[in-house]
1. State whether one or more residues within segment 79-93 are in a loop (DSSP other than H, G, I, E, B), away from ligand 1 (no atom under 15 Å from the Cβ) and more than 30 Å from Ser293 (Cα to Cα).
2. Which residue pairs have Cβ atoms closer than 9 Å, lie 6 or more positions apart in sequence or on different chains, and pair a first residue in segment 254-282 that is hydrophobic (A, V, I, L, M, F, W, C) with a second residue that is at pLDDT below 90 and within 10 Å of ligand 2 (Cβ to nearest atom)?
3. Can you find a residue in segment 296-319 that is closer than 17 Å to Gly89 by Cα, surrounded by 22 or more Cβ atoms within 10 Å (Cβ to Cβ) and modelled with pLDDT of 95 or more?
4. Tell me the residue from Pro3, Pro80 that is touching a Leu at 6+ places or on another chain (Cβ under 6 Å) and at pLDDT below 95, please.
5. Scan segment 291-346 residue by residue and report those that are out of contact with any helix residue (DSSP H, G or I) (no Cβ under 6 Å at 6 or more places or on another chain) and charged (D, E, K, R).
6. In the list Ala203, Ala141, which residue meets the criterion of being modelled with pLDDT of 90 or more, of a type outside the set (Ser, Thr, Tyr) and within 30 Å of Ser124 (Cα to Cα)?
7. Counting only residues that are surrounded by fewer than 24 Cβ atoms within 10 Å (Cβ to Cβ) and free of Cβ contacts under 8 Å to residues at least 40 places away in the same chain, how many does segment 320-336 have?
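The values are calculated or read from the model by the stated rules, or taken from the named source; none is laboratory data. Predicted model, so just to flag it, every value in this text is computed and none were measured. Reconstructed Cβ throughout: ideal geometry from the backbone, glycine too, with neighbour counts over all protein chains shown.
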Amino acid sequence: MLPQAGNLLPQVGNLLPQAEMSSLTAMLPALLREGAAQEGLAIAWIPIQAVMEGEDKLEDWIDPRLRFPWARTVVSFALPYPAPAAPPGLLEGRIAAFAAYDWYGTLKERLCRIAKTLREQHPSLRVKVLVEGPLQEKGWAWRSGLGWRGRNTLLFHPAWGSRLLLGELLVSEELEASESSEQEQLKHTPVSRCGDCRLCLEACPTGALEENESDSIRPSAPFFHLHVERCLDTLTLHHPGSLPDWARSALGQRLVGCDLCQEVCPYNKVAPCAPFCSSNPPPGPGWKLSIPSSLAMDESHFQAAFTGHTLGRLPFSRFLRNCLAAAGNSDGAAITESVRPFLRHPDPILAEQASWSLARLTSHRGFPGSTGQSIKTRP
Ligand code: B12
Ligand code: SF4
Ligand code: SF4
């Protein structure tokens, strides 16, 4: 007998009998919520179609179905990570909180466990774990109702603030948007809960954050913009060659990433980090490194110490460049001797950075950047 038209579920890669589909649709939300709760993650989801074919879709948004044609729902998760326990000392470089411990690895492990349970319980379901994947994660998380977007351009979970990492599961089942979805409400109200606060814009050491009048697509929503090339995260992690002059003192003692627009945020100051985060952190270099010891490292030592961590993704010469800049922004004779040998370094970028740092160490004692604070410098 031919199947009834209603039994055929169009465009789903694996055609499942309708009874199985409806049981899946009924079970999946509970399974997802249970998995997220067990793994200490926040969760929200939205069907892809609702976003990609909705009226306020942005043109440059990537459709996950281009790479995963079977995907029907994006399930967004957030893992909170703790703020540094204490600021670095005078001879220490600062590592941004997201990079201090292997939080990406932790998130991946947890999402893989959730995906495994889903596959075990529903073998016909297709699931893809995305960590550092191709989606514009903040947008998906926001549209799902996981949180709101701040002037620092980051996604804020209502309880955990913005110190969190995002990851996703793509699933082949089309689920109704999760109950916590604020989508309808947010369509008619401002997206942000920042109010009149502009602390992050004022604190950003390079003037990388900007607020435009409105989003041209959705005029009712404030539109926050980050000048990527000015952000110290870009400069420490992704910028090859010499550090631009305007960024050097602004860098302070940062070796990797920057947390300032999150540190100053009142929401983050009161946000409790989930206890599982800080009590048992995964492996990582920690929040600070001795600058003299870092400058004394050779490449094999660097790789042995940091491979597998965000820091280990830096080319060794970029790590040294950042350490030299941090040395210039630190204080004291002790560090001068660590910098001096680099004046004769065969890499001209390092030799030049050492020269800048030595000049600064000797002539700018007591300069605000030397205590680890950053100096506001606009390029
Ligand atoms: C490139 C990148 C950067 C760049 C640029 C960041 C930027 N703001 O664009 C640099 C290197 C500067 C950077 C810095 C940091 N990053 Co980063 N970064 C990314 C990455 C890989 C891509 C972001 C991106 O596509 N940017 C381009 C812009 C155009 O896209 P977008 O900001 O997401 O917004 C677009 C869409 O989402 C869409 N959209 C947004 N909202 C809405 C709403 C609706 C209704 C619709 C329809 C569309 C829509 O419109 C925008 C324009 O197309 C993401 C991971 C990912 N795959 O998403 C992490 C990510 C954004 N970074 C993250 C982190 C932690 C950081 C740092 C804090 C790290 C650090 N301590 O140094 C800093 C923070 C700087 C800051 N204030 O933003 C986290 C943010 C978590 C959070 N709470 O939001 C992410 C999500 C990584 C992760 N997996 O958790 N990052
Ligand atoms: S991470 Fe630092 S440099 Fe980048 S926008 Fe925030 S405060 Fe500015
Ligand atoms: S510091 Fe103020 S303006 Fe910036 S994200 Fe936080 S609440 Fe919003």
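1. Within segment 79-93, none of the residues are in a loop (DSSP other than H, G, I, E, B), away from ligand 1 (no atom under 15 Å from the Cβ) and more than 30 Å from Ser293 (Cα to Cα).
2. Correct list of pairs: Cys258/Ser374; Leu260/Ser374.
3. No, segment 296-319 has no match at all.
4. Pro80
5. Once the filter is applied, which keeps residues that are out of contact with any helix residue (DSSP H, G or I) (no Cβ under 6 Å at 6 or more places or on another chain) and charged (D, E, K, R), segment 291-346 yields Asp298, Arg313, Arg318, Glu337, Arg340, Arg344.
6. Numbers: Ala203 fails: within 30 Å of Ser124 (Cα to Cα).
Among Ala203, Ala141, only Ala141 is modelled with pLDDT of 90 or more, of a type outside the set (Ser, Thr, Tyr) and within 30 Å of Ser124 (Cα to Cα).
7. The total comes to 3.
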